[in-house]
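Down below is the structure, laid out as C-alpha cells.
Every read-out reported here was derived from the displayed coordinates using simple, explicitly stated rules and does not represent laboratory data. All values derive from a computational prediction rather than experimental measurement. Glycine also receives a Cβ, built like all others from the backbone with ideal geometry; neighbour counts cover every protein chain displayed.
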Amino acid sequence: MESIPPQTQPKIPIAIALRVFLPFAFGYFLSYLYRAVNAVIAPDLMAELGLGGSALGFLTAAYFLTFAAFQLPLGILLDRYGPRRVEAGLLIFAALGAALFAAAESVQSLILARALIGFGVSACLMASFKAFVMWFPLNRLPLINGFQMTAGGLGALTATAPVEMALGVTDWRGVFWILAGVTAFAAVVIYFVVPERDAGNRHSTLNEAFQGVVDVFKSPLFWAVAPWTVMSQATFLALQGLWVGPWFMDVIGLDRHATAQNLFWIAASMILGFLSWGIASDRLHKKWGIRPMTVAAVGLSLCMTSLLLITFQASAFPLGVWMVFGFCGTSGILPYAALSQSFPVHLAGRVNTSLNLLVFVMAFLVQWLVGAVLDLWPTQGAGVYAAAGYQTAFALLLIAQVLGAAWYFKRR
C-alpha cells in the first residue's frame, strides 16, 4: 500500500478525496443497513422463533452492546494504527457474523451473530471521522461528516422496501448470506483503495493512549454536550432501528407492505436530514460564525417535539411526523464534529469513540427496554402490542431527552 505524505495544503486532489471518502462511505452504508434491517424482518424472526418484545429487543440490541463495548479500545487503535487498517480488519468479523446469522438455528446463535456484526461494524463511522480529520480541513468536517451520514441513510433506506422486495425472492437467511459477501468485499476495498497516512500516534505507549481517553472524559466541554446527545441519539437509533415498524403495525394497524413503504420514506427523510444539517452547519458557520452545536440544538429540539406528537398521537398524518423525527434526529451527528474541532487532532479518534460509547450503550438499553415495557401489557393477538405500552415507553424516552437538554443549556 503506497503512503501519501502528510497534508501540507488545505485542499487535496479530488481523486485522493474520493479514495478516502467513498470506501468509508460504503462501509458505513453497510453498518446502517445491518442496524436497521431487523425492523423489516422482525415479523419473520418472531414467527419462526416465537420471540416476545423483550427477546426481540435484546436480539436486535446485541448489535449495540458489542458495538459500544469496543469503542474505547477502538479509539486507541484508530489513533495508533489508522482508520484504514482498523476498519478493514473489523469488517471481516462483520462478514462472519452475517454468515452465522444466516445459518443460525437458535435464538442464542442469532444473538451471538448479531453481537459479532456489531463488533465488526463498530469502526465504520468512527474510522471515517478519524480519516476525515486526517485528510480534510477541520472547518469542513460538519459538511464531510454530513455526506458520510448520508451514506448511512442510504443503508437505512435499503433496509426498508428494498429488503421487503428481496424477501419476495429469498428469505431473511438469503438476505444475510448476500450481506456476508458484500461486507467481505467492502473490507478488501477499504484496505486496498484508501491511501495511507501516518496516524500520528503510532509510537505512543499504551498508558499514553489510555491517558488520552481519561483526558476526554475529564473534559467539562465533553460532559456539557454528552447527556443530550446521548439520549437523543440513543432514542433515534433504537426506534428507527427496530420499533418504528412494529409501531405502525400495532398502533396504526398497517400491514407489512405498507409499513415497509413508510419505513422507506422515513429513511429518505434521514438522507435529506444528513445532507441538510451538514450543509446548513457549514454555511452558517462560514457566513455568521454559528457553531455546529447551536445548529444541533435546534435540530434536537425539533426531534423531541416530533416524538411528543408521536407519543400522544397528536397528528392526523403520523408518517409525516415520523419523517420529521427522521430528518431532525440526524442533527445529532453535529456534536461529533463540534467536539472534534475542540480537541487536538491526535485525540480525534478517542473523542468521537468516547461519545459513541455512551450513545451505543444507551441505544442498547433503550432498544431492549422498550420491548420490556411493551411486554408489561397483554398482547392483542399474535405479536400485537398495546398502544399504551408504546405511549409509556416513548414518554419515558422523551422525559430523558428533556433532562439532557436542560443539562446542556445550563452547562454550555
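Show me, bin by bin at 5 Å from 0, the whole-percent P(r) of region 70-219 based on Cα pairs.
In whole percents, the pair-distance histogram is 2, 9, 14, 18, 20, 15, 10, 7, 4, 1, 0.
Quote to one decimal, in nm, the extra length available between residue 379 and residue 185 on full extension: 0.36 nm per residue of separation minus the C-alpha distance between them.
65.6 nm
Among 11-23, 29-41, 369-381, 94-106, how do they line up by average Cβ neighbours within 10 Å per residue, starting with the highest?
With the highest mean Cβ count within 10 Å placed first, the list reads 29-41, 94-106, 369-381, 11-23.
Which of the three applies to region 265-336, rounded, prolate or oblate, going by the alpha-carbon gyration tensor with a ≥ b ≥ c and a/c under 1.5 meaning rounded?
Note, shape of region 265-336 comes out prolate.
Work out from phi, with θ = phi - 60° and the Karplus expression 6.51 cos²θ - 1.76 cosθ + 1.60, the ³J(HN,Hα) of each residue of region 240-250, listed in order in whole Hz, and give x for Gly and Pro.
5, x, 8, 7, 5, x, x, 4, 4, 6, 7
With bins 10 Å wide starting at 0, give me the P(r) of the chain over every alpha carbon pair, in whole percents.
Taking all Cα pairs of the chain, the binned fractions are 5, 24, 35, 25, 10, 2, 0 percent.
Give the span of region 261-396's Cα atoms along each principal axis, as three whole-Å numbers ordered largest to smallest.
For region 261-396, the Cα spread along each principal axis is 54, 32, 24 Å.
List the DSSP H helices in the chain whose Cα atoms stretch 24 Å or more along the helix axis and whose mean Kyte-Doolittle hydropathy is at least 0.0.
Within the chain the helices that satisfy the rule are 14-36, 83-103, 141-158, 172-193, 220-238, 256-288, 292-311, 348-374, 387-411.
At a 4.7 angstrom Cβ threshold, list every cysteine in the chain that has nobody to pair with, or say none.
Lacking a cysteine Cβ partner under 4.7 Å: 124.
Take every Cα-Cα pair in region 191-295 and report what % of them are more than 16 Å apart.
77 percent
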